[in-house]
Amino acid sequence: MNHQKGRKKLNMKPAHRRSLLRNQVIHLISYGHLVTTKARIKEVQKLAEKLVTIARKGNTFNVRRRAKALLPYKDEALVKLFKEIAPRYLERPGGYTRTLPLGRRMSDTAVISRLEWV
């Protein structure tokens with residue numbers, strides 16, 4: 001049984017899954033949107049919302065260290081997160097992203113969605 005397990009496995013090993021989700025969050029921060037399968041979108045959304053909640057607290061050393069631990073690859077993405085994205089949501093209590101369904105993919109009929117900032 002898979003009761004009270006907070007994450008989907010996405011048919012990957014943990015290290016591969018972690019790096020995939022980090023790279024997709026970097027793409028979301030850099031370009032403002034992400035198009036992929038619905039299951040991946042749900043996992044990316046959890047990580048992205050957690051990062052924005054951390055970044056809303058300000059640009060102090062400890063907050064940047066916590067964000068860097070979750071997103072260690074690109075410093076440009078962290079700069080954009082702290083300078084542009086987090087200040088937009090200071091008054092918003094949560095729900096920083098939205099998911100738009102795009103239908104099914106032709107090749108394997110996977111459900112495709114688009115994740116974007118609210």
Inset, instruction - Net charge near Ile112: determine it from the other residues with C-beta under 12 Å of the C-beta of Ile112, scoring Lys and Arg +1 and Asp and Glu -1. - result: +4
Legend entry - For segment 14-117, convex hull volume per residue from C-alpha positions, Å³: 98
Inset, instruction - Just tell me which lysines come within less than 19 Å, Cα to Cα, of Lys68; anything on the same chain fewer than 8 places away is out. - result: Lys46, Lys50, Lys57, Lys80, Lys83
Legend entry - Amide hydrogen neighbours beyond the local backbone of Arg114, cut-off 5 Å, H modeled: Leu100, Leu102
Legend entry - Low-density loop positions, GluC sites (Glu not before Pro), segment 35-118 - DSSP coil, at most 13 other Cβ in 10 Å: Glu91
Legend entry - Order of Ser113, Ser19 - criterion: other Cβ atoms within 10 Å of each residue's Cβ, fewest first: Ser19, Ser113
Inset, instruction - Would you calculate, for the chain, the mean residue ellipticity at 222 nm contributed by helices, counting each DSSP H stretch of 4 or more residues as -39,500 (n - 2.57) and dividing by all residues, to the nearest 500? - result: -14000 deg cm²/dmol
Legend entry - Dipole magnitude of the chain about its Cα centre (Cβ charges: Lys, Arg +1; Asp, Glu -1), debye to nearest 20: 460
Legend entry - Proxy reagent accessibility, fewest Cβ within 10 Å first, across Met12, Met106: Met106, Met12
Legend entry - Dipole-positive endmost among Thr109, Asn23, Met12 within the chain (Cβ charges, Cα centre): Met12
Legend entry - Burial ordering of Asp75, Asp108, fewest other beta-carbon atoms within 10 Å first: Asp108, Asp75
Inset, instruction - Pairs of Cα atoms under 8 Å, at least six residues apart: use those to get the relative contact order of the chain, whole percent. - result: 30
Inset, instruction - Please give the net charge around Ala86, taking every other residue with its beta carbon less than 9 angstrom from that of Ala86, where Lys and Arg add +1 and Asp and Glu add -1. - result: +3
Legend entry - Net charge of Cβ neighbours under 10 Å - reference Lys42; Lys, Arg +1; Asp, Glu -1: +4
Legend entry - Proximal aspartates and glutamates relative to Lys42, as straight alpha-carbon distance under 18 Å, when same-chain residues fewer than 8 apart are discounted: Glu116
Legend entry - Residue-wise HN-Hα coupling along segment 67-74, computed from phi with Karplus coefficients 6.51, -1.76, 1.60 (Hz; x: Gly, Pro): 5, 5, 5, 7, 9, x, 7, 10
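Since every read-out is calculated from the coordinates, none of them should be taken as a lab result. These numbers come from a predicted model, not from an experiment. Note that we place each Cβ from the backbone using ideal geometry, even for glycine, and neighbour counts take in every protein chain shown.
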